[in-house]
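Undergrad: Please find one structure pasted underneath; my questions will follow.
We did not get these values from a lab; they are worked out from the coordinates using the rules stated. Note that this is a predicted model, so its numbers are computed, not measured. Cβ: placed from backbone, ideal geometry, glycine included. Neighbour counts: every protein chain shown.
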Amino acid sequence: MNLTETPEERTFRAEVQAWMAAHLTGEFAALRGCHGPGEERFDAALAKRWEQELATAGWVGIGWPQAAGGAGLPLGKQIIFHEEYVRAGGPGRLGHIGEQLFAPTLIDFGTPAQQARFLPGIRAGREYWAQGYSEPNAGSDLANVRTRARLDVERGEWVIDGQKVWTSWAQEADWIFVLARTEEGSQRHHGLSLLLVPLHQPGVTVRPIRQMTGGAEFNEVFFDGARTEGSLHLGPVGEGWKVAMALLGYERGVSTLGQQAQFRHELDLVIAAARANGAAQDPVLRQRIADAALRLATLRFHALRVLGAGGASHAAYTAKYAWSNWRRDLGQLAADVLGRAGDVVRADDAARTRLQQVWLSSRADTIYAGTNEIQLNLIAERALGMPREERKGP
Amino acid sequence: MDFTFTEDQIAFRDAVSRFFMTEAAPEQLREVWETGAGRSAALRKKIAEQGLTALSVPEAEGGLGMGDIDWALMTQELGYYAIPDSLADTAYLAPGLLAGLPAGHALRAQWLPRVVDGSCRIAIGHPVNPWVADAHLADLLLMAHPVADGCELHAVPRAKVELTVLPSIDASRRLFEVRWHPDTETRVLDGVAGAPQWAATLDRAALNVGGQAIGLAQRMLDLATDYAAQRKQFGKPIGSFQAIKHHLADVVTEIEFARPVLYRAAAALAAGEPDASVRASHAKLACAAAAWTAARKAIQVHGAMGYTWEVDLQMFMKRAWVLDAAWGDRAFHRARLGAALLDAETLPSIGPGTTFA
């Protein structure tokens, strides 16, 4: 067990800090602290130029193996990059789904031709990806996917019909990986394939969904005779479920440390607000602020321990449940620190607006990427080995 | 940052676990509870043969020269098997105090080798605890004596103390009120020299209790998980019902999130980091909270059986409950954290996690 940073890591940390200070300036200064398309001030074209700025400096694909065009940085340095990125006010990463979720899966399951075709675009910050999993009737019960794809043998193309929903940032993406039923009459997790589908085509309609925060991060995506090449299935045809689940595993990866740095930033905003309006003198709120700080430190230790163990430990299953509860409580704390002023929507106080966003957006955390109830089932069945409940579906 | 233990550390832990599994089965524990028999010199001797009592003693004095990080693992085993003996007081806290004395000090030579071979028991009297565990069997009591400029360390033979036994709801515990009189003969360190030693002892003790709490939580979780797999209602194991699953998923989550806090504190103590006390308090609170949750959920999953004397769960629950108040209760540790985290000057960038490093 060694919990101190090496001199080399400290040097690297300073390097990232210096780079961020030098580059998150000029036109990019407008992106500072911006989370993404959910915010009114979000400028997609600018966000893409920022991704390319990162890519040029070699900050995209830092965790990919060098053979795949990445930097192959060791875990410690990846963590440091994500932390310093957020600490410097780096904006939400438009390329996140491509770089952090899709690319590692492509590296593990893709053919050499698929890798050669898609990795460079992601690495360069030129091509953006969306994730097509959930459907109106396949939420917690994801195996109930009904979007179907059939192979048009004549043209050697998949033809896709159906609907996906809650598709984050699809309005800015170029491609989507779609979990679709490729075997007619198949049930549950059998007969599914993960297809790589271009979004810019007549058969695809993307419709943003307005959230209770007012913004629109996610979308409905309709497929109506949409097409993609016959070779663009990731992993074997009919075994998409396995690949789709492997992809979810990367969601628990290194970028969670960057997410925690974001949480740290939000907590600092809450503390600053508490100091400004006197809430920091309230003994009950003081205790809750201290608790929030301690629990966040705990999330970090846990993540480092899981990542250090290669992410394979049973403890990994508990991560999402814990952080979502933490942030839900932080949202409540933000609201309580704001007090009555938190009910007022007016553009006169940027800090208040930001905390209102933390508060409102936190209500989604215990629901997306697997609800708390689903997480608890996973923990019980996979980490504790408790008996599986019988699952039935049409 | 690397939270992984070495293969040697894991192997040592596993060996100790196997040893306790056979030597400290619940039936033996129950006997300690019900007969009032206290401690077994034979068991202590066997524990010493496992190397556990040598862990914290410097190599020059016949020990293994290991420390806090190893104890973070070992204390979990003590908790998991609810070892009733106050082993860590003799084997972890006392060597810490004694090894803090100047090299060549007579007390070191007199007691450290006996700690290693398991032939002595040392009780610890710290101002944070009104009572002293296992004082009746102690060959030596290391007592704190608060004075104006700090806290003196006294080494008091048992013949010089008067004891009153205090039965505990954890019937395997042996607590005593200790009456004694500090004098120049018993004094080992003056107030100034003693204060940092006692402060370090409190931190180690918090780690010890925290580790035991996690071990107890894990045991209660295992008992409840097994019970839920065996007990059937409505024609199915009750563990297949989501309501039951979610109780235990909550427990494992809390345990898995408390463990790294414990390890972080152990690393801070081992390295003598300036915020080690804050980390130790955090660890004790997080581990105790996990144990409370485990107890609450485990009894719920056991249903009425969990409320009985005959089912083992109650022994582990009660041990977890009483340990929570030992070596500083929650109010004490929260106050220590509050002082460190919420000090007016540090509030804008809260506490040791600020640098996130």
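Undergrad: Can you give the FRET efficiency for A:A216 and A:E27, using 1/(1 + (r/R0)^6), R0 = 22 Å, r = Cβ-Cβ distance, to the nearest 0.05?
TA: Working: r = 24 Å, r/R0 = 1.08.
FRET efficiency, A:A216 to A:E27: 0.40.
Undergrad: I need to check one value: relative contact order of the stretch A:129-238, counting alpha carbon pairs closer than 8 Å and at least 6 residues apart, in percent.
TA: On the way: 270 pairs, mean separation 33.3, N = 110.
For the stretch A:129-238, the relative contact order is 30 percent.
Undergrad: Okay, moving on. If the elastic network links every pair of Cα atoms under 10 Å, which of B:R174, B:R114, B:R219 fluctuates the most in the Gaussian network model of chain B?
TA: Residue with maximal mean-square fluctuation among B:R174, B:R114, B:R219: B:R114.
Undergrad: Please work out the C-alpha center-to-center distance from the stretch B:1-44 to the stretch A:282-312 and express it in whole Å.
TA: A separation of 30 Å, based on Cα centres.
Undergrad: Could you work out the local net charge near B:I244, counting Lys and Arg as +1, Asp and Glu as -1, over the other residues with Cβ closer than 10 Å to its Cβ? Before the final figure, lay out each step's value.
TA: Numbers: positive: B:R231, B:K245, B:K297; negative: none.
It works out to a net charge of +3.
Undergrad: If a paramagnetic tag sat 7 Å from the Cα of A:N144 along the Cα-Cβ line, which residues of the stretch A:355-384 would have the backbone N under 20 Å from that point?
TA: Those under the cut-off are A:367-378.
Undergrad: Output the direction-averaged projected area (hull surface divided by four) of the convex hull of the alpha-carbon atoms of the stretch A:7-94, in nm².
TA: Values: hull surface 22.9 nm².
Reported value for the Cα convex hull: 5.7 nm².
Undergrad: Where in chain B is the longest stretch that carries no chymotrypsin sites (Phe, Trp or Tyr not before Pro) classed as loop by DSSP and with at most 15 other Cβ atoms within 10 Å?
TA: On the way: sites that count: B:F234, B:W309.
Excluding the exposed sites themselves, the longest stretch runs over B:1-233.
Undergrad: Another question, then. Give me the distance between the Cα centres of the stretch B:141-185 and the stretch A:117-182, rounded to whole Å.
TA: Result: 70 Å between the Cα centres.
Undergrad: What does the convex hull of the Cα atoms of the stretch A:252-383 come to per residue, in Å³, rounded to a whole number? Can you show the working numbers first?
TA: Values: hull volume 13.7 nm³, N = 132.
In the stretch A:252-383, the Cα convex hull volume per residue is 104 Å³.
Undergrad: Report the antiparallel proportion of the DSSP beta bridges in chain B as a percent, rounded to a multiple of 5.
TA: Details: 19 of 23 bridges.
Taking every DSSP beta bridge within chain B, about 85 percent pair in antiparallel fashion.
Undergrad: Let me ask another. What's the magnitude of the charge dipole for the stretch A:10-70 around its Cα centre, counting Lys and Arg as +1 and Asp and Glu as -1 at the beta-carbon? Answer in Debye, nearest 20.
TA: Numbers: 6 positive and 7 negative charges, 46 e Å.
With only Lys, Arg, Asp and Glu charged at Cβ, the dipole is about 220 debye.
Undergrad: Using the Cα centre of chain B as origin and beta-carbon charges of +1 (Lys, Arg) and -1 (Asp, Glu), tell me which of B:I244, B:A94, B:P130 is placed farthest towards the positive end of the dipole.
TA: Value computed over the given set: B:I244.
Undergrad: Relative to the longest principal Cα axis of chain A, at what angle does helix A:319-338 sit, 0 to 90 degrees, rounded to 10?
TA: Taking Cα atoms only, the helix is inclined about 40 degrees.
Undergrad: Starting from the exponent 0.38 and prefactor 2.2 Å, build the expected Rg for the stretch B:198-341 from its residue count and divide its actual Cα Rg by it.
TA: Numbers: Rg = 16.8 Å, N = 144, 2.2 N^0.38 = 14.5 Å.
After normalising by residue count via 2.2 N^0.38 Å, the value is 1.15.
Undergrad: Tally Lys/Arg at +1 and Asp/Glu at -1 over every other residue whose Cβ is under 13 Å from the Cβ of B:F5; what's the total? All intermediate terms of the calculation are to be shown ahead of the outcome.
TA: Working: positive: A:R305, B:R13, B:R259; negative: B:D2, B:E7, B:D8, B:D14, B:D68, B:D70.
With Lys, Arg at +1 and Asp, Glu at -1, the net is -3.
Undergrad: How far is it, in nm, from the label point at B:V128 to the one at B:E31 when both lie 7 Å from their Cα along the line to the Cβ?
TA: Taking the simple label geometry, B:V128 and B:E31 are separated by 3.5 nm.
Undergrad: While we're here: In terms of Cα to Cα distance under 14 Å, which aspartates and glutamates are near enough to B:K160, apart from those fewer than 8 places away along the same chain?
TA: B:K160 reaches B:D139, B:E177, B:D183, B:E185.
Undergrad: Another one. Compactness ratio of chain A: Cα Rg over 2.2 N^0.38 Å, N = residue count?
TA: Here the answer is 1.01, to two decimals.
Undergrad: How many angstrom lie between the Cα centre of the stretch A:13-58 and the Cα centre of the stretch B:318-334?
TA: With the stretch A:13-58 and the stretch B:318-334 each reduced to a Cα centre, they are spaced 48 Å.
Undergrad: Still on this structure: Going by amide H atoms built from the backbone, whose H comes under 5 Å of the H on A:N219, apart from near neighbours?
TA: A:W166, A:T167, A:S168, A:W169, A:A170, A:I209
Undergrad: For the protein assembly as shown, just run the numbers: alpha carbon Rg, then divide by 2.2 N^0.38 Å, N being how many residues it has.
TA: This ratio for the protein assembly as shown stands at 1.06.
Undergrad: Another question, then. Just grab the label-to-label distance for A:A351 and B:Q110, each label 7 Å out from Cα along the Cβ direction, in nm (one decimal).
TA: My value for the distance between the label points is 6.1 nm.
Undergrad: While we're on this one: Have a look at the DSSP beta bridges in the stretch A:129-238 and tell me what percent are antiparallel, nearest 5.
TA: Numbers: 31 of 36 bridges.
Within the stretch A:129-238, antiparallel bridges account for around 85 percent of the total.
Undergrad: Which one of B:Q212, B:P182, B:T253 is farthest out on the positive end of the charge dipole of the stretch B:179-297, using unit charges on Cβ (Lys, Arg +1; Asp, Glu -1) and the Cα centre as origin?
TA: In the stretch B:179-297, that residue is B:T253.
Undergrad: If you don't mind, there's one more thing I want to ask. Toward the positive end of the charge dipole of chain B, about the Cα centre and with charges on Cβ (Lys, Arg +1; Asp, Glu -1), which of B:Y80, B:A276, B:V192 goes farthest?
TA: In chain B, that residue is B:Y80.
Undergrad: Please report the relative contact order for the stretch B:182-259, taking Cα pairs under 8 Å with a sequence separation of at least 6, and give it as a percent rounded to a whole number.
TA: Once normalised by length, the contact order is 25 percent.
Undergrad: Just in the stretch A:139-196: which trypsin sites (Lys or Arg not before Pro) are loop by DSSP and have at most 11 other Cβ atoms within 10 Å?
TA: Working: sites: A:R146, A:R148, A:R150, A:R155, A:K164, A:R181, A:R188; in loops: A:R146, A:R155, A:R188.
Qualifying residues, ordered by number: A:R155.
Undergrad: From the phi of every residue in the stretch B:324-329, what ³J(HN,Hα) in whole Hz does the Karplus formula 6.51 cos²θ - 1.76 cosθ + 1.60 yield, where θ is phi - 60° and glycine or proline is x?
TA: Along the stretch B:324-329, the couplings run 4, 8, 7, 6, x, 7 Hz.
Undergrad: Treat every Asp and Glu Cβ in the protein assembly as shown as -1 and every Lys and Arg Cβ as +1, leave all other atoms uncharged, and give the resulting dipole magnitude about the Cα centre to the nearest 20 debye. List each step's numbers first, then the result.
TA: Numbers: 76 positive and 86 negative charges, 224 e Å.
Taking the Cα centre of the protein assembly as shown as origin, the dipole is about 1080 debye.
Undergrad: Between A:H314 and A:H265, what is the label-to-label distance in nm when each label sits 7 Å out along the Cα-to-Cβ direction?
TA: Computed distance between label sites A:H314 and A:H265 equals 3.6 nm.
Undergrad: Please list 3J(HN,Hα) in residue order for the stretch B:13-22, calculated via the Karplus relation 6.51 cos²θ - 1.76 cosθ + 1.60 where θ = phi - 60°; whole Hz, with x for glycine and proline.
TA: Using θ = phi - 60°, the values come out as 4, 5, 5, 5, 4, 4, 4, 5, 4, 8 Hz.
Undergrad: How big is the antiparallel share of DSSP beta bridges in the protein assembly as shown, given as a percent to the nearest 5? Can you show the working numbers first?
TA: Values: 51 of 61 bridges.
Roughly 85 percent of the DSSP beta bridges within the protein assembly as shown come out antiparallel.
Undergrad: Okay, next question. Kindly state, to the nearest 0.05, the FRET efficiency for B:A271 paired with B:K232, given R0 = 51 Å and r defined as their beta-carbon distance. Before the final figure, lay out each step's value.
TA: Values: r = 51 Å, r/R0 = 1.00.
Working from the Cβ atoms, E equals 0.50.
Undergrad: How would you rank B:R39, B:R319, going from fewest to most other Cβ atoms within 10 Å of each one's own Cβ? It would help to have the intermediate numbers written out before the result.
TA: Values: B:R39 18, B:R319 29.
With the fewest neighbours first, B:R39, B:R319 line up as B:R39, B:R319.
Undergrad: Over chain A, what is the relative contact order in percent, taking alpha-carbon pairs closer than 8 angstrom and at least six residues apart? Provide the component values of the computation, followed by the final result.
TA: Details: 621 pairs, mean separation 51.4, N = 394.
Rounded, it is 13 percent for chain A.
Undergrad: Shifting gears a bit: Measure nothing but the geometry: give the 0 to 90° angle between the long axis through the Cα atoms of A:112-123 and the longest principal axis through the Cα atoms of chain A, rounded to 10°.
TA: With both axes taken from Cα atoms, the answer is about 30 degrees.
Undergrad: For the stretch A:129-238, what are Rg and Dmax over the alpha carbons, in angstrom?
TA: 13.5, 47
Undergrad: OK, next. What's the magnitude of the charge dipole for the stretch A:1-152 around its Cα centre, counting Lys and Arg as +1 and Asp and Glu as -1 at the beta-carbon? Answer in Debye, nearest 20.
TA: Numbers: 15 positive and 18 negative charges, 59 e Å.
So the magnitude is around 280 debye.
Undergrad: Angle check, please: helix B:191-230 long axis (alpha carbons) against the longest principal axis of chain B (alpha carbons), in degrees 0 to 90, nearest 10.
TA: That helix lies at roughly 20 degrees to the long axis.
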